[in-house]
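Reviewing the structure listed below.
The values are calculated or read from the model by the stated rules, or taken from the named source; none is laboratory data. What you see is a predicted model, and the numbers here were worked out from it, not measured in a lab. Don't worry about glycine lacking a Cβ; one is built from the backbone with ideal geometry, like all the others, and counts go over all protein chains shown.
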Amino acid sequence: MSEGMTPIVKNTARLISGFIAVFGIYIALTGHISPGGGFAGGVILAAAAVLIVLAFGRSTAERIFTPSQCHLWDAAGAGLFLVVAMLGYFSGGFFVNFIAHISKGQVGKLFSGGTILVSNLCILIKVAAGLAGAFLALSAFRRQGVDAADIVVEGGQKA
Amino acid sequence: MMPFVPLLVILPLGAAFCAVAMAQVNWLRRLTAPLAMAVVLANLVISAMLLGAGDIRFFVGGWGPESARGIEIVCDGLSKLMAVTINLVALVAFVFAVPYMRRFTKVWLFDSLLLLMVGAMNGVVLAGDLFNLFVFLEIAAIASYALVAFGCEAEELEAAFKYMVLGTVGSAFILLGVTVIYAITGQLNMAMVHSLLGKVGPGGPAVLLAAALLLSGLALKAAMVPFHAWLPDAHPSAPAPISAMLSGVLIKASGVYAMARIVFNVFGASDHLAAILMAMGTLSMLIGVLLAVGQWDIKRLLAYHSISQMGYVVLAIGAAAQVASRPSPDMALAGLCLFGGLFHLFNHAMFKSLLFLSSGAIEQQTGTRELKKMGGLARRMKVTSFCCRVGALSIAGVPPFNGFFSKLIIIIALVLAGHEVLAALAVFVALVTLISFIKVQRYALEGAAADAHAANAVEAPVLMQTAMVVLAVICIVSGLAIVPLREHVLGPAADALLGAGRLLSTGGAP
Amino acid sequence: MSTGIYILALAVLLAGLYAMVAKKNIVKIIVGLLAIDYALNLMLVLVGYREVVRAGCRESGLPPILAEGQTPAQLAAMAVDPLPQAMVLTSIVIGLGLTALMVAMGIRLYERYGTFDTNRIRRLRG
């Protein structure tokens with residue numbers, strides 16, 4: 001029996017997960033204009049990854065993104081966020097919006113609001129990588145491997 | 001000095017993410033521990049430099065006070081005392097952890113989580129508004145849940161789960177308290193909430209509800225009786241450097257520090273809050289020590305003693321609040337109570353961490369935590385047992401170690417404030433503490449070895465000895481250096497808490 | 001906002017608290033944690049609600065999004081309070097982290113003890 005779910009689910013996941021990922025990135029990009037932002041976009045992007053893990057099984061999904069890659073992207077997103085915060089020192093203090101000091105942009109346009117856009121993108125990367133990695137780690141506990149009947153509870157009873 | 005203050009938080013957080021990234025490359029993985037030690041050392045240097053720099057308050061991101069919505073970073077005397085304590089214990093814990101954690105895999109994960117916890121605790125003591133305090137409290141708490149369960153053995157997971165459930169309930173109460181305060185005043189900044197609450201009046205039902213919720217949540221974080229049930233399971237099950245960090249700084253930074261801030265700087269000292277603090281402190285003192293005497297597991301005994309000593313500190317802070325809320329307050333006496341309490345907080349961080357680290361060394365070398373199975377370690381593990389003796393004498397309050405002075409000041413301040421019964425109880429608890437540690441000395445260090453494994457115990461590795469000796473030296477020196485400590489560190493800390501109280505009591509409050 | 005919604009949110013909070021404290025199954029405890037989180041976030045958002053006077057009649061406030069050509073002062077007069085929304089965003093993320101950690105711990109507890117029943121997970125005593 002092959003891993004993953006039925007062919008209908010697999011084909012649907014193949015078609016849809018790209019659109020879900022793009023939608024998540026869109027929500028994160030327009031975080032300073034409309035509701036959403038980095039965290040919501042990251043969760044939706046991670047949902048695309050979770051869909052792939054659920055539909056195709058863990059070993060197939062690991063060929064696309066491994067836990068090590070998730071760790072790296074996670075750390076990179078967080079590190080980039082801190083770098084943006086530290087760059088504010090050049091413009092006054094910690095976490096100062098240094099791009100807005102140069103030009104604020106127009107209300108409603110994509111390139112407005114200064115470092116909010118960059119921060120949103122960093123949070124997108126971090127949250128997506130973190131959630132995808134967490135789900136990949138949790139999916140390593142399979143029912144077949146952990147059989148309750150084999151575990152001895154104290155007192156000698158079987159669970 | 002102002003640009004350096006956020007570095008106290010950024011450096012550990014950045015290093016935590018760096019450690020995660022470094023661990024994916026094979027040859028960089030061994031460098032996470034030196035990176036962590038370097039970062040915490042830098043933190044310690046920065047917090048030592050900040051000691052002489054006066055009060056620093058600024059808004060992050062250039063949002064000034066006129067916007068009334070910025071995140072404020074406050075670095076006053078109390079923050080500096082806590083920052084020095086946190087970074088010092090963290091450095092010693094990291095040094096101890098290098099040989100201790102060799103039995104675990106994924107040491108990079110340990111380093112990363114501990115760095116997150118250190119960064120978050122620094123954030124707690126630097127927070128100037130309530131929600132920032134809550135967020136950093138949560139980060140430190142989540143990191144500590146994962147660290148308690150680090151070994152993934154059955155008992156550690158059970159202890160961590162119990163800790164997690166109770167900690168989450170406490171955090172829910174804190175968030176609910178912050179919500180109520182925001183609903184009343186529309187502000188989150190601590191100083192502005194203080195002035196707005198002064199206008200609303202201290203006795204309104206909403207304010208009492210907010211105070212009750214916040215105090216319950218924070219008392220759970222500080223392991224006060226009756227919210228202490230998680231501590232005797234969580235602290236022994238954690239690896240030894242984590243027990244030292246949890247007992248040594250986490251219950252102080254997230255529990256007692258936050259309670260002191262909330263009672264003095266947000267609500268203003270009133271006798272209701274003071275009575276609650278004193279009642280909780282007395283109960284914790286008594287129940288903690290009475291439950292500790294009967295323990296035979298050395299780490300569980302130390303955990304119960306943590307509850308008892310935190311009771312001392314909260315009792316002293318409550319007495320100071322009560323003195324400060326009298327119609328004609330004696331600020332010098334309130335300052336004395338706070339001096340005793342904060343000095344005991346610092347001392348407890350030092351000697352409790354020392355005791356947990358030495359118990360970890362004993363556990364690693366003899367393979368057991370039961371007192372009845374150890375014995376005669378004073379001959380075979382000389383440095384460890386010397387440090388254990390110093391720690392035991394400090395916590396029992398024997399002169400000239402630091403515990404004696406701080407307990408003496410608390411007892412004298414209680415008598416001067418008119419609470420002779422509480423002072424007598426404090427003396428009684430100190431005696432029972434002494435009895436308990438005589439028991440530890442007798443069974444662990446003296447006598448004959450009861451177990452074959454304990455009979456073959458050798459001295460702990462050099463780095464572990466170094467960590468313990470550093471803490472032991474601090475225990476001895478800080479008792480003798482009490483006058484310069486008061487001038488530079490503890491005096492400004494007490495002033496930072498009482499400064500707002502002074503305003504309230506002389507400003508014509510009802 | 002009428003007090004009815006606050007009372008409902010409080011009811012959800014109390015239900016979650018009851019589940020967390022009184023139930024014996026670990027999965028039910030985790031669900032209790034989720035309920036507490038939802039209720040707290042809901043209450044926090046509700047605190048920010050404002051009713052504004054627009055064109056002479058009381059109406060509910062607008063979402064705090066700056067439209068083109070609007071000044072910040074105009075928005076501040078028309079919109080609900082944006083600060084609780086920022087707080088809730090942070091709180092939701094914290095809740096997510098806690099849930100993930102609790103679920104992982106629950107799974108590992110099942111691996112070690114073989115059961116989800118907290119009455120049987122009782123090796124630490126005293």
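Worth pointing out:
- Unique residue being closer than 22 Å to C:Gly97 by Cα and either free of Cβ contacts under 8 Å to residues at least 12 places away in the same chain or in contact with a helix residue (DSSP H, G or I) (Cβ under 9 Å, 6 or more places away or on another chain) (or both) when the list is A:Ala61, A:Ala47, A:Ala55: A:Ala47
- Summed over the stretch B:178-229, the residues that are in contact (Cβ under 8 Å) with a residue 24 or more places away in the chain and among the charged types (D, E, K, R) give a count of 1.
- Matching residues in the stretch B:352-376 - criterion: being farther than 21 Å from B:Pro99 by Cα and surrounded by 24 or more Cβ atoms within 10 Å (Cβ to Cβ): B:Met374
- Screening A:Ser119, A:Ser112 for residues that are surrounded by 21 or more Cβ atoms within 10 Å (Cβ to Cβ) and either more than 12 Å from the chain's Cα centre (by Cα) or more than 7 Å from chain B (Cβ to nearest Cβ) (or both) leaves exactly one candidate, A:Ser119.
- Here A:Gly4 qualifies as in contact (Cβ under 8 Å) with a residue 12 or more places away in the chain, more than 12 Å from chain B (Cβ to nearest Cβ), at positive phi and in contact with a helix residue (DSSP H, G or I) (Cβ under 9 Å, 6 or more places away or on another chain).
- Enumeration of residues in the stretch C:92-102 that are more than 7 Å from every other protein chain (Cβ to nearest Cβ) and touching a residue at least 24 places away in the same chain (Cβ under 8 Å): C:Ile92, C:Gly95, C:Thr99
- Pair list, Cβ under 7 Å, 6 or more apart: the stretch C:21-34 residue touching a residue at least 40 places away in the same chain (Cβ under 8 Å) and away from chain B (no Cβ under 11 Å), other residue among the hydrophobic types (A, V, I, L, M, F, W, C) and surrounded by 13 or more Cβ atoms within 10 Å (Cβ to Cβ): C:Asn25/C:Phe116; C:Val27/C:Phe116
- Within the stretch B:142-191, the set of residues being buried (at least 24 other Cβ atoms within 10 Å of the Cβ), aromatic (Phe, Trp, Tyr) and facing chain C (nearest Cβ under 9 Å) comprises B:Phe161 only.
- Exclusive hit being buried (at least 16 other Cβ atoms within 10 Å of the Cβ), over 22 Å from A:Ile123 (Cβ atoms) and at pLDDT below 90, set A:Gly92, A:Gly57: A:Gly57
- Among residues of the stretch B:442-484, those that are polar (S, T, N, Q), in contact with a Ser or Thr (Cβ under 9 Å, 6 or more places away or on another chain) and part of a helix (DSSP H, G or I), counted: 1
Residue-wise test of (1) over 25 Å from the mean Cα position of the chain (by Cα); (2) modelled with pLDDT under 90.
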residue: B:Met1; (1), (2): yes, yes
residue: B:Phe4; (1), (2): no, yes
residue: B:Trp27; (1), (2): yes, yes
residue: B:Ser67; (1), (2): yes, yes
residue: B:Met82; (1), (2): no, no
residue: B:Leu88; (1), (2): no, no
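- Residue check for B:Pro99: over 29 Å from B:Arg69 (Cβ atoms) and more than 24 Å from the chain's Cα centre (by Cα): yes
- Selection from the stretch B:288-307 of residues that are more than 13 Å from the chain's Cα centre (by Cα), away from chain C (no Cβ under 11 Å) and either more than 12 Å from B:Phe356 (Cα to Cα) or hydroxyl-bearing (Ser, Thr, Tyr) (or both): B:Gly288, B:Val289, B:Leu290, B:Ala292, B:Val293
- If only residues of the stretch C:103-126 that are touching a residue at least 12 places away in the same chain (Cβ under 8 Å) and of a type in the set (S, T, N, Q) are counted, the one that is nearest to the other protein chains (Cβ to nearest Cβ) is C:Thr118.
Listed here are the residues, each with its yes/no results for (1) within 19 Å of B:Val293 (Cβ to Cβ); (2) modelled with pLDDT under 90; (3) part of a helix (DSSP H, G or I).
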{"site": "B:Pro400", "(1), (2), (3)": "no, yes, no"}
{"site": "B:Ile411", "(1), (2), (3)": "no, no, yes"}
{"site": "B:Ala430", "(1), (2), (3)": "yes, no, yes"}
{"site": "B:Arg486", "(1), (2), (3)": "no, yes, yes"}
{"site": "B:Asp495", "(1), (2), (3)": "no, yes, yes"}
{"site": "B:Gly501", "(1), (2), (3)": "no, yes, yes"}
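- Test: B:Leu11 is away from every other protein chain (no Cβ under 11 Å) and part of a helix (DSSP H, G or I): no
- Test: residue in the stretch B:364-385 that is under 22 Å from the mean Cα position of the chain (by Cα) and part of a helix (DSSP H, G or I): no
- Residue match in the stretch B:345-361 (condition: part of a helix (DSSP H, G or I), hydrophobic (A, V, I, L, M, F, W, C), in contact with a helix residue (DSSP H, G or I) (Cβ under 7 Å, 6 or more places away or on another chain) and within 30 Å of B:Gly198 (Cα to Cα)): yes
Results for (1) within 14 Å of chain A (Cβ to nearest Cβ); (2) among the small types (Gly, Ala, Ser); (3) not in a loop (DSSP other than H, G, I, E, B), shown as yes or no for each residue.
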residue	(1), (2), (3)
B:Ala15	yes, yes, yes
B:Leu35	yes, no, yes
B:Gly52	no, yes, no
B:Ser79	no, yes, yes
B:Val84	no, no, yes
B:Val98	no, no, yes
B:Met101	no, no, yes
B:Thr105	no, no, no
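- Qualifying residue in the stretch A:24-31 (condition: over 13 Å from the mean Cα position of the chain (by Cα) and outside any helix (DSSP H, G or I)): yes
- Subset tally (residues that are more than 14 Å from C:Asp37 (Cα to Cα) and out of contact with any Gly (no Cβ under 7 Å at 6 or more places or on another chain)) for the stretch B:167-196: 15
For (1) farther than 29 Å from B:Met1 by Cα; (2) touching a Cys at 6+ places or on another chain (Cβ under 6 Å); (3) of a type in the set (Ser, Thr, Tyr), each residue gets a yes or a no:
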| residue | (1), (2), (3) |
| --- | --- |
| A:Leu80 | no, yes, no |
| A:Val83 | no, no, no |
| A:Phe94 | no, no, no |
| A:Val107 | yes, no, no |
| A:Ser119 | no, no, yes |
| A:Ala128 | yes, no, no |
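- Considering residues of the stretch B:432-455 that are β-branched (Val, Ile, Thr) and out of contact with any His (no Cβ under 7 Å at 6 or more places or on another chain) only, the residue modelled with the lowest pLDDT: B:Val440
- When the stretch C:79-91 is limited to residues that are within 11 Å of the chain's Cα centre (by Cα) and within 9 Å of chain B (Cβ to nearest Cβ), the one that is surrounded by the fewest Cβ atoms within 10 Å (Cβ to Cβ) turns out to be C:Thr90.
- Top-ranked residue in the stretch C:51-78 [being surrounded by 10 or more Cβ atoms within 10 Å (Cβ to Cβ) and of a type in the set (Gly, Ala, Ser); ranked as nearest to the other protein chains (Cβ to nearest Cβ)]: C:Ala67
- Among the criteria (1) within 10 Å of another protein chain (Cβ to nearest Cβ); (2) at pLDDT below 90; (3) over 28 Å from B:Glu72 (Cβ atoms), the one A:Trp73 does not fulfil is (2).
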